[in-house]
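Any read-out appearing in this document is the output of simple, stated calculations on the displayed coordinates, not a laboratory observation. These numbers come from a predicted model, not from an experiment. All Cβ positions, glycine included, derive from the backbone under ideal geometry; neighbour counts span all protein chains shown.
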Amino acid sequence: MATVVTIRQLLESGVHFGHQTRRWNPKMKRFIFTERNGIYIIDLQKSLSYIDRAYEFVKETVAHGGTILFVGTKKQAQEAIDEQARRVGMPYVNQRWLGGMLTNFSTVHKRLQRLKELEEIDFDDVAASNWTKKELLGLRREKDKLERTLGGIRDMARVPSAVWIVDTKKEHIAISEARKLNIPVVAILDTNCDPDEVDYPIPGNDDAIRSVSLLTRVVADAVADGVLARSGASAGAGAEKAPEEPLAEWERELLEKGETKAEAPAAAAEAPAAEAPAAAAEAPAAEAPAAEAAPEQAAAEAPVAEAVPEHGAEAPAAEAEGSTEA
């Protein structure tokens, strides 16, 4: 397996910094390397092994048609969650987590339908709409609120296959809902977190922006690899088995790029092969007229050869007449 991330990258991003020694969870003791200046230092060797484990899980989940919900509502995580989830076309929540977003998804789905209805309204064309300015203003505010809270999951048609969470202490409601539905949880574990709540933990710093960005990017890369694996499997199976979920636009672009790269060497290999039969076909074609001309020439010469014996036959006849006269 290729290296997902190096210890140097983890060090430069500050993944090894934990919380103060007075703010810790004793269950995290096995992930702690040492203590320095009143701060716990996380063992990055263990972090690497857990990163590889989580990476493989996310990749396999997406390769089998699953989706990963990115969750991070704290300020340090909002931008990274938004950027990486959009990059790989996955749903995300980087504002307030609404209670029941997973356990009461049927109601949330109705609000998503309402959001899509509001997006079809042209708020600038008051005359063409059947609404007054005041009513349009109220609808615009409703749309903005729904976009702010549900915009990241507007295309999520069902509960996710797994969730990626930054800061399990802050997102305890999301973790509680995921555990009720037996949805696997992949999360960053700081020294004050409970590892029993997480199925695929990654020991690390969940407060530093660079640390959160690096680990979220690793999970997004795993999603991208899973999408490529799923696309390759569906292409190999042919039309017998369709993918479980339709590919997003960015997924199709990745697939087309891969197919284009694969076809280029094949086309280069086929070009000489195509020229060789053409040359071979031209050679017999050029020889054929020559072969045809040879019989014609022989046929033209044949009467001449036949005519010569005829004249020769006349000569003995003339000699016979002379001898008779004599």
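Worth pointing out:
- Separation in nanometres of the label points that stand 7 Å from Cα toward Cβ, at Arg30 and Arg210: 3.0 nm
- Annotation: peptides 120-126, 169-175, 105-111, ranked by per-residue average of other Cβ atoms within 10 Å with the highest first, follow the order 169-175, 105-111, 120-126.
- Its Kirkwood hydrodynamic radius, worked out from the mean inverse distance over all distinct Cα pairs, puts region 18-158 at 18.7 Å.
- FRET efficiency, 1/(1 + (r/R0)^6) with R0 35 Å, evaluated for His64 and Arg111 via beta carbons: 0.75
- Mean projection area, nm², convex hull over Cα of region 100-214: 9.1 nm²
- Here the gap between Arg53 and Arg86, fully extended at 0.36 nm per residue and compared with their Cα-Cα distance, gives a gain of 9.5 nm.
- Cut-off 14 Å (backbone N to label point 7 Å along Cα→Cβ of Ile173), residues of region 74-93: 74, 93
- Ordered by the number of other Cβ atoms lying within 10 Å of each residue's own Cβ, fewest first, Arg8, Arg36 fall into the sequence Arg8, Arg36.
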